[in-house]
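*Asks:* Let me begin by handing over the structure; questions about it come next.
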Amino acid sequence: MEDLNFLQDSYTVQISPRSSSGPKWAPLEKGDVCHGLVGRSPQMRKIFEIVKRAAHVEDCVFMTGPSGTGKELMAQIIHELSGRKKGRRIDLNCAAIPQKLLEGELFGYDDGRDSASQGRLEQAHGGSLFLNEIAYLPLSLQEKLLWVLKTGQMHLGDGEGFLDVRVIASTSKNLKDLVKEGVFREDLYQYLCGIVIEVPALKERREDIPPLISHFLSSCGDDEHSCEIQFDEEAFQFLLDYDWPGNIRELENIIERLAILRAGKIVQSEHLPQKIVSQKPIVTTSFPYALSFPEEGIDMRKTLSEIEDSLIHQALRKTKGNKNRASKLLCINRTTLIEKMKKKGIST
């Protein structure tokens, strides 16, 4: 385990502008790093404080946010800063285990008394249990898990014992929607929400991209090999404009690759993956009527409503009427899409 208080040396990612005007660069500063978390956006500074407070209480922690935003790292930090750091931090990715095996993985197998038969709950006794993607936990196990967490009673070793474990859970799904749909227990959801951390996608906090790049470069360098690279103005702007669907994990992979291939050189747009340079953001020119203001004026509400109707219809056509997929394309909740469809009289 790395010392999470270790602040790595700052690497300034330099911009090699083609003109005197260009993006201004600020090097990685101490305030941009908090126990391994990196960011300078208001959202991340708020998360820094929540994570530090969460480490010193025993409440359950529930983290939401897209995949690749660093929820696993936050769980690690909370455990390492807590009074349970001498105990074990056990992880269970509920999405990666077949449902028929989840009960045994969580509560243990009835095949003997050795350590191999222990479930993750018992292994985490005295420490922390990180339930990643808890939305994939089937209803039958949700009830059993809630009972164990509330009562603390379960088989430990050779007999019944009181389970002492702190639960940290996360999901990339909207649990509120799953509760409404009846596929996730509301009482378990409420139990988990002792402390809630909402982690935004990287595209919602683009000011964190520069310090993250510096941090990743400092992580991949060593005494013999320098990872200091420069970006020309165009390439750097492409990195800022890209939506990063894989979030921080995707950014880290690309920066590490560039550090190897372009060490000591200037990164230009031609050196970036095609998916980054080919992304074309939606701009207002996509709606020429809204952009061309008629002399007689315009009904703004009606026009915006028509644009919204068109986008919903296009998303539904593209997904063949699948509301879950359509809502993801529109970046709204499924329930919000359904409400808009009902209000507008749109059917699949």
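*Asks:* Report, by chain and number, residues whose modeled amide H sits under 5 Å from the one on ALA169, excluding near sequence neighbours (fewer than 5 apart, same chain).
*Replies:* For ALA169, the qualifying residues are VAL61, PHE62, MET63, LEU131.
*Asks:* Once the whole set of protein chains is in place, how much accessible area is left on SER278, using a 1.4 Å probe, in Å² to the nearest 10?
*Replies:* Probe radius 1.4 Å; accessible area of SER278 about 60 Å².
*Asks:* Something else: Take the residue pairs LYS275/LYS343; LYS52/LYS340; LYS180/LYS328; LYS85/LYS328; LYS46/LYS302 and return only those whose Cα atoms are more than 28 Å apart.
*Replies:* Exceeds cut-off: LYS275/LYS343; LYS52/LYS340; LYS85/LYS328; LYS46/LYS302.
*Asks:* Separate question: As a test of reading the structure, rank SER347, SER170 by solvent-accessible area (1.4 Å probe, protein chains only), most first.
*Replies:* SER347, SER170
*Asks:* Starting from the exponent 0.38 and prefactor 2.2 Å, build the expected Rg for region 164-212 from its residue count and divide its actual Cα Rg by it.
*Replies:* 1.51
*Asks:* Per-residue HN-Hα couplings for region 73-87, Karplus 6.51 cos²θ - 1.76 cosθ + 1.60 at θ = phi - 60°, whole Hz, x for Gly and Pro?
*Replies:* Ordered by residue, 3J(HN,Hα) equals 5, 4, 4, 4, 5, 4, 5, 5, 8, 8, x, 9, 4, 7, x Hz.
The values are calculated or read from the model by the stated rules, or taken from the named source; none is laboratory data. These figures come from a predicted structure and were not determined experimentally. For the accessible areas, the whole protein counts, side chains as well, though only heavy atoms, and no ligand, DNA or RNA atoms are used. Shrake-Rupley method; radii C 1.70, N 1.55, O 1.52, S 1.80 Å.
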